[in-house]
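Visitor: Have a look at the structure that comes next, please.
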Amino acid sequence: MKHEQAKKYGMVIDLDKCTGCGACMVACMAENNIPFKKDETNKLDSITWMRVYQLTNGKPFPNTDICYIPRPCMHCEGDHGHSPCVSVCPATATDYSLKTGIVSQIYTRCFGCRYCMAACPYHARYFNWWDPVWPDGMEKYLNPDVSPRMRGVVEKCSFCFHRYQLAMNKAFLEGRRELEEAQYQTACAQACPAGAIVFGDLNNTKHRVHRIVQPDPAHGGRPKNPKAFRLLERLGTNPKVYYLSSREWVRRLADHYLPNETPGKGH
Amino acid sequence: MKMDRRSFLSFVIGGAAGTALSPLPWKLTDDLAIWSQNWPWTPVPERGEVSFVKTTCMLCPGGCGVTVRKVGDRAVKIEGTKGHPVNDGGICILGLSGLQLLYGPARVPSPLRRAGERGQNRWEKLSWDEALSLVAERLAGLREKKLPHTVACISGTDTGTVPRLMERFLAAYGSPNFIRTPSMRDSYEMTLHLMQGVQASAGFDVEHADFILSFGSGILEGWGSPVRMFRAHSKWKETGVKVVQIEPRLSNTAAKSDKWIPVNPGSEGILALGLARVIVEESLYRKAFIDTYTSGLEAWTREVLGRWTPENVEQATGVDKSTLVALARSFAGARRPLAICGRGRGDTPGSIGEFMAVHALNALVGNINRKGGVWAVPDPDYIQWPEVETDAVAAAGLQQGRIDGAGSKKYIHARHLLHRLPEIVDASDPSVVQALFVLEANPYYTLPDRDLLKKAWKKIPFIVSFSSFMDETARNADLILPNPMYLERYEDVPYARGFNKPLIGLAKPVTAPQFNTLPTGDVLIRLARALGDPVAGAFPWENYEQCLSETLQDMWEPLQETGYQVASDFEPGSGSGAFDTASGKFEFNPEKAREAAAHVSVQARGEAPGYPLILIPSDSMRRATGYIGDPPFVVKTVPETVLKGNDLLVEINPETAKALGLSEGKRAVLKTPKGQARVRVHLFHGVAPGVVAMPTGLGHQAYDAYLAGKGVNFNDLIAAVEDGASGLNAAWGIRAKLSRA
Ligand code: SF4
Ligand code: SF4
Ligand code: SF4
């Protein structure tokens, strides 16, 4: 495998900085033509490629603590590109790109069996139960780089793949072969007012994600930085979204540690 | 979505058990793929040339620079402007959603005249000429009757050319009643006025402070300029700056702070005095600063701090002695400690004594007009228009004094007291307000004590809204003269809340006006002309754009380019020149405000037996509380622990819930001396037993179908509590009762 040239886009989200403001969710909705309904309070059918969850340590007042955790698609590498969702799709509508590490979703191929939704341990996939409807005039703000989806298909975070394509096209026209870190950024990372989301190529030693996470290629990209962790590390999904938190209870909750275990050790 | 250990685990369980079953057999795969490509009713966004326009966001007082991405003539995305002194590329959840407002269904399409009863939402379109002559006739009539002072305007801000043109219009016409909507801006201005003798806005050098002591300020809930505060907060995390949050509820700010000190609601000012007392007693203050630049510390210590022994403070605030003493020491021991106040986003002014107490803490550590401290930022002075010439009618009208009482003997230090207006109007007959203009404000939603407000509203014979949106105020007006939105018009924005340098932003048209709107600046110029001299004489401009460009002079061109101008080398007045008080120094115990300095808290309305609980508001970036209501994207991010269907959830401690026989999600009736509402309860350990925390920003009746009817408006359940010493609204909560429904 020529892993040297291949890119592996990933993200690291600093939960100490994340304020739970939700700007990343809206930046994503605006960028990716995500529809909205009159009632979005049933979160099971509310499409949010990026969703910010609230965790709590469950302790009584005044020892209570909360923490927010933004959850895009983890773009799981699984075992050599066998992401949980990719492996189950009968229509090859979702695919792991060995060139970028991005798990794609091809809406025109998806026929809505929702196997991938069942397979995704992060609940990152959403089904379009309805056709999108924009109030009269509002379709004017739709982004031409992202096609609106129709009823019956599954959708999810694409790491703003269209931005990658645009950046590559531009680089090609300008005779460059490589992308600088700033030339391809996801909408959420760009918008986050707290600067909590860092996005880039995990394989590129110059990129901040690489330097922060220090992924270990021998162990599916497991972080060598002890402060960094992934959600449900022990499932072996090998996500490419990492988190940082100084609070131990947060790190524990992230991987269902048993009360007597210490995160970051073992397995 | 709240994700506790169990639902987090269900991430895995969902995967293993398979929650979704295939509705369709395999062999349809190909046909379906083709089928689904042919949905004619899924819009295909048009392509076009990509361009970027730099402008200024006006959706809150944050003053952020934004860059709008356009495709052809469509605006498709709003992003933060890189290098902007306030937000440097960042943007908030509301700013991001601006295009949903621009192209959204809540816009007022053209001038509208009420067709049915007020509030029925039945309208008749009319031309701008008709609409303007309607207003001009009214105004001419009132002037003829020598009642120019019965015209009032409620405005979201008083800086910038448009609010100033409105104020000027009223002055030339003969009314002193230009009233700015209330916020902590009032109390901070008054604090600087009383303690430093200056007319200025408070700026906070948050980027350079190294210890933040926040008395309930929602640093992550929208206090100050939100994006700037977020960025500062991240910087604090990187550099190890400590944040101590004093607040009765575990807000996001409290959760992210290094230490959360839950305090009895409303007693924050007492805690500030308690800290000051420890600092004075232990001589932890900066002696050089105190000796050279301040006066009155001794008298203040004697008269005000005297009774606030650590024991008394513990009793009043619930914060134990040792915490108090340790906090005082670490605050005073930091190099550049900064104390801030204004609860939540700072929507309510608060008690002046509390603000003075917190500001005094900054003075004790010498952190006034210094790096990392509180700066007095003078109001910008680029608006240099000739004096208004008044005739006898106008002069007599201006003599009348303000309806809200601001500046009168009793409220001598106050500049705006909007919360007093409903009561005064309701008590008058005929109404002391005969015509009301509302500019970039939504008082019908944001003012407390709605029953009283509604009664007063009925008494005002003529109400004109200049809103771009069908907000609650517009809906209950007689005439709407829609302003283009900030993305469609020029306007100067010379204010970024809490920013510590003079700054002017420019909003400019990003797209052509989407509707039949007319900039309010132009409306005023045309109205003045219609009224003839002397009003017309005060408005020598052809149109608003000419007025703006002439006013800005040399700045007009560069502002178009960059979108902002900042005095980056601004130094706040330093040394003795900075204080224009009687003593020429910073005054701990100003002669004219001795009473104010001593009264740092007000009581919540209501009596304990009937109302055993305390209701407090809780703010969030995901719920806009000002003139603008949440656009659909933002509503979508409101978690189901706050809104379920149309039901609002209020937070109570599980202990409180148990005592009341309530469990998660159960329906309840929330009652206060001012109103009652049907709610559900959300059990949250982060609120003290006995306290009910109610999410603000919901309960809209207007805007669009994505916002209207959802939840309850906090302002319906609360009333103003007048701060005796200043007249400002100091209500921080109200007593309440919660019972099973
Ligand atoms: S935008 Fe940034 S701070 Fe806000 S919720 Fe998302 S990650 Fe957190
Ligand atoms: S997070 Fe879910 S959708 Fe994304 S790659 Fe992993 S399994 Fe697939
Ligand atoms: S913080 Fe205020 S000014 Fe800045 S983007 Fe958000 S709404 Fe606009």
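The values are calculated or read from the model by the stated rules, or taken from the named source; none is laboratory data. Please read all numbers here as calculations on a predicted model, not as lab measurements. We place every Cβ from the backbone using ideal geometry, glycine too, and count neighbours over all the protein chains shown. These accessible areas exclude ligands, DNA and RNA; they are computed on the full protein's heavy atoms, side chains included. Shrake-Rupley method; radii C 1.70, N 1.55, O 1.52, S 1.80 Å.
Visitor: Open to solvent by less than 10 Å² (accessible area, probe 1.4 Å), away from ligand 3 (no atom under 16 Å from the Cβ) and on the phi < 0 side of the Ramachandran plot: does that describe A:Leu55?
Guide: So A:Leu55 passes the test.
Visitor: I'd like the full set of residues that are away from every other protein chain (no Cβ under 13 Å), assigned to a loop (DSSP other than H, G, I, E, B), touching a residue at least 60 places away in the same chain (Cβ under 8 Å) and out of contact with any Asp or Glu (no Cβ under 9 Å at 6 or more places or on another chain), limited to segment A:163-221.
Guide: A:Leu202
Visitor: A further question follows. Looking at segment B:655-666, can you tell me whether even one residue there is at pLDDT 95 or above, within 12 Å of chain A (Cβ to nearest Cβ) and part of a strand (DSSP E or B)?
Guide: Taking every residue of segment B:655-666 in turn, none turns out to be at pLDDT 95 or above, within 12 Å of chain A (Cβ to nearest Cβ) and part of a strand (DSSP E or B).
Visitor: Next question. Name the single residue, out of those in segment A:45-84 being within 16 Å of ligand 1 (Cβ to nearest atom) and charged (D, E, K, R), that is nearest to the other protein chains (Cβ to nearest Cβ).
Guide: A:Arg51
Visitor: If you scan segment A:116-136, which residues turn out to be small (Gly, Ala, Ser) and surrounded by fewer than 20 Cβ atoms within 10 Å (Cβ to Cβ)?
Guide: none
Visitor: Would you check which residues across segment B:514-538 are assigned to a helix (DSSP H, G or I) and open to solvent by 10 Å² or more (accessible area, probe 1.4 Å) and list them?
Guide: Matches in segment B:514-538: B:Asp522, B:Arg526, B:Arg529, B:Ala530, B:Leu531, B:Ala536, B:Gly537.
This table checks each residue for (1) in a loop (DSSP other than H, G, I, E, B); (2) open to solvent by 30 Å² or more (accessible area, probe 1.4 Å).
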| site | (1), (2) |
| --- | --- |
| B:Pro540 | yes, yes |
| B:Glu545 | no, yes |
| B:Glu557 | no, yes |
| B:Gln560 | no, yes |
| B:Gln565 | no, yes |
| B:Pro572 | yes, no |
| B:Lys592 | no, yes |
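Visitor: When you check B:Val86 against the structure, is it within 19 Å of B:Leu436 (Cβ to Cβ) and touching a strand residue (DSSP E or B) at 6+ places or on another chain (Cβ under 9 Å), yes or no?
Guide: For B:Val86, the condition - within 19 Å of B:Leu436 (Cβ to Cβ) and touching a strand residue (DSSP E or B) at 6+ places or on another chain (Cβ under 9 Å) - is not met.
Visitor: Let me ask something additional. For B:Ala705, indicate whether it is touching a Leu at 6+ places or on another chain (Cβ under 7 Å), in contact (Cβ under 8 Å) with a residue 24 or more places away in the chain and on the phi < 0 side of the Ramachandran plot.
Guide: It is false that B:Ala705 is touching a Leu at 6+ places or on another chain (Cβ under 7 Å), in contact (Cβ under 8 Å) with a residue 24 or more places away in the chain and on the phi < 0 side of the Ramachandran plot.
Visitor: Also, quick follow-up: Of the residues that sit in segment B:675-704 and are surrounded by fewer than 20 Cβ atoms within 10 Å (Cβ to Cβ) and in a loop (DSSP other than H, G, I, E, B), which one is farthest from the other protein chains (Cβ to nearest Cβ)?
Guide: Going through the qualifying residues, I end up with B:Gln701.
Visitor: Filter segment B:58-100 down to residues that are open to solvent by 10 Å² or more (accessible area, probe 1.4 Å) and either more than 9 Å from chain A (Cβ to nearest Cβ) or assigned to a loop (DSSP other than H, G, I, E, B) (or both), then give me how many there are.
Guide: Adding up the residues that qualify gives 15.
Visitor: Name the residues in segment A:10-26 that are surrounded by fewer than 24 Cβ atoms within 10 Å (Cβ to Cβ) and within 13 Å of ligand 3 (Cβ to nearest atom), would you?
Guide: Correct list: empty.
Visitor: Separate question: Which members of segment B:235-253 meet the condition of being within 16 Å of ligand 1 (Cβ to nearest atom) and either buried (at least 22 other Cβ atoms within 10 Å of the Cβ) or of a type in the set (A, V, I, L, M, F, W, C) (or both)?
Guide: Selection gives B:Trp236, B:Val243, B:Ser251, B:Asn252, B:Thr253.
Visitor: If I ask for residues that are in a loop (DSSP other than H, G, I, E, B) and within 18 Å of B:Thr551 (Cβ to Cβ), which ones from segment B:144-177 would you list?
Guide: The answer is B:Thr157, B:Asp158, B:Thr159, B:Gly160.
Visitor: For segment A:229-243, how many residues are open to solvent by 10 Å² or more (accessible area, probe 1.4 Å) and away from every other protein chain (no Cβ under 14 Å)?
Guide: The total comes to 1.
Visitor: Moving on. Check A:Cys28 against each of (1) at the interface with another protein chain (Cβ under 7 Å from one of its Cβ atoms); (2) more than 16 Å from A:Tyr242 (Cα to Cα); (3) within 16 Å of ligand 1 (Cβ to nearest atom) and name the one condition it does not meet.
Guide: (1)
Visitor: OK, next. Just need a number here: residues in segment B:104-130 that are open to solvent by less than 10 Å² (accessible area, probe 1.4 Å) and within 14 Å of another protein chain (Cβ to nearest Cβ).
Guide: Qualifying residue count for the region: 3.
Visitor: Which one of the conditions (1) basic (Lys, Arg); (2) more than 9 Å from chain B (Cβ to nearest Cβ); (3) open to solvent by 10 Å² or more (accessible area, probe 1.4 Å) does A:Lys140 fail to meet, given that it meets all the rest?
Guide: (2)
Visitor: Which of the residues spanning segment B:184-201 are surrounded by fewer than 24 Cβ atoms within 10 Å (Cβ to Cβ) and small (Gly, Ala, Ser)?
Guide: Answer for segment B:184-201, where residues must be surrounded by fewer than 24 Cβ atoms within 10 Å (Cβ to Cβ) and small (Gly, Ala, Ser): B:Gly197, B:Ala200, B:Ser201.
Visitor: Follow-up. Go through segment B:617-638 and give me each residue that's in a loop (DSSP other than H, G, I, E, B) and within 7 Å of chain A (Cβ to nearest Cβ).
Guide: Within segment B:617-638, B:Met621, B:Arg622, B:Thr637 meet the criteria.
Visitor: Would you check which residues across segment A:25-56 are farther than 18 Å from A:Asp131 by Cβ, more than 16 Å from ligand 2 (Cβ to nearest atom) and assigned to a helix (DSSP H, G or I) and list them?
Guide: Correct list: A:Met25, A:Val26, A:Ala27, A:Ala30, A:Glu31.
Visitor: Using the structure shown, decide if A:Cys157 is within 16 Å of ligand 3 (Cβ to nearest atom) and under 23 Å from A:Val103 (Cβ atoms).
Guide: No.
Visitor: Which condition number does B:Leu421 fail, the rest of (1) open to solvent by less than 30 Å² (accessible area, probe 1.4 Å); (2) assigned to a helix (DSSP H, G or I); (3) farther than 26 Å from B:Thr159 by Cα; (4) not charged (D, E, K, R) being met?
Guide: Checking B:Leu421 against (1) open to solvent by less than 30 Å² (accessible area, probe 1.4 Å); (2) assigned to a helix (DSSP H, G or I); (3) farther than 26 Å from B:Thr159 by Cα; (4) not charged (D, E, K, R), the one that fails is (3).
Visitor: Does any residue of segment B:216-226 turn out to be over 25 Å from A:Ile197 (Cβ atoms) and aliphatic (A, V, I, L, M)?
Guide: no
Visitor: How many residues does segment B:426-470 contain that are over 25 Å from B:Ala677 (Cβ atoms) and of a type outside the set (Asp, Glu)?
Guide: Going through segment B:426-470 one residue at a time, the tally reaches 22.
Visitor: Taking segment A:105-140, which residues are of a type in the set (Lys, Arg) and not in a loop (DSSP other than H, G, I, E, B)?
Guide: The answer is A:Lys140, and nothing else.
Visitor: Right, next: Within segment B:88-95, can one find any residue that is without any contact (Cβ under 8 Å) to a residue 24 or more places away in the chain and more than 16 Å from ligand 1 (Cβ to nearest atom)?
Guide: no
Visitor: Of everything in segment A:85-96 that's surrounded by fewer than 17 Cβ atoms within 10 Å (Cβ to Cβ) and in a loop (DSSP other than H, G, I, E, B), which residue is nearest to the other protein chains (Cβ to nearest Cβ)?
Guide: A:Pro90
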